[in-house]
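Q: Can you read through this structure? Questions will come right after.
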Amino acid sequence: MKQLYDSISSESSKIITKKYSTSFSIAVNLLSSNIREAIYNIYGFVRVADEIVDSFQDYNQEELFLEFENDYYKSLKRKISLNPILNSFQKIVRDFEL
């Protein structure tokens with residue numbers, strides 16, 4: 001079941017990449033197929049963090065960012081996150097020993 005969740009998490013990151021940056025997602029297709037998933041997962045993580053900082057002015061951005069950061073560290077420790085973007089990112093961090 002975890003493999004299915006990991007796959008859905010990576011697909012979520014890919015969707016975020018394609019929706020937010022058409023040109024970047026096209027460029028990713030020029031890369032080797034064995035690293036595309038990692039690129040999508042990294043971009044998804046960075047995009048969500050960027051959205052907190054740039055777009056969520058009507059919300060407590062500092063609180064949201066700290067929560068996102070704390071959830072990231074929890075995901076590394078637990079090797080899973082209920083946030084699919086964090087789940088896909090922590091997997092890449094572990095897989096590539098970043």
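Let's see how each residue does on (1) within 18 Å of LEU82 (Cβ to Cβ); (2) touching an Asp or Glu at 6+ places or on another chain (Cβ under 9 Å); (3) assigned to a helix (DSSP H, G or I); (4) modelled with pLDDT under 95:
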position	(1), (2), (3), (4)
SER10	yes, yes, yes, no
THR17	no, no, yes, no
ILE26	no, no, yes, yes
ASP58	no, no, no, no
GLU63	no, no, yes, no
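Q: Exactly one condition in (1) within 21 Å of MET1 (Cα to Cα); (2) open to solvent by 50 Å² or more (accessible area, probe 1.4 Å); (3) not charged (D, E, K, R) is not met by PHE89; state its number.
A: It fails just one condition, (2).
Q: Still on this structure, please answer the following. When residues of segment 1-27 are filtered for being in contact with a Phe, Trp or Tyr (Cβ under 9 Å, 6 or more places away or on another chain) and more than 20 Å from GLN90 (Cβ to Cβ), how many remain?
A: 5
Q: Here is a check on your reading of the model: is LYS74 surrounded by 14 or more Cβ atoms within 10 Å (Cβ to Cβ), out of contact with any Lys or Arg (no Cβ under 9 Å at 6 or more places or on another chain), in a helix (DSSP H, G or I) and at pLDDT 95 or above?
A: Spelling it out, LYS74 is indeed surrounded by 14 or more Cβ atoms within 10 Å (Cβ to Cβ), out of contact with any Lys or Arg (no Cβ under 9 Å at 6 or more places or on another chain), in a helix (DSSP H, G or I) and at pLDDT 95 or above.
The values are calculated or read from the model by the stated rules, or taken from the named source; none is laboratory data. It should be emphasised that the depicted structure is a prediction, and the values quoted were computed from it without experimental measurement. Here Cβ is always computed from backbone atoms with ideal geometry, including for glycine, and neighbour counts include all displayed protein chains. Quick note on the areas: whole protein, heavy atoms, side chains included, nothing else; ligands and nucleic acids left out. Shrake-Rupley method; radii C 1.70, N 1.55, O 1.52, S 1.80 Å.
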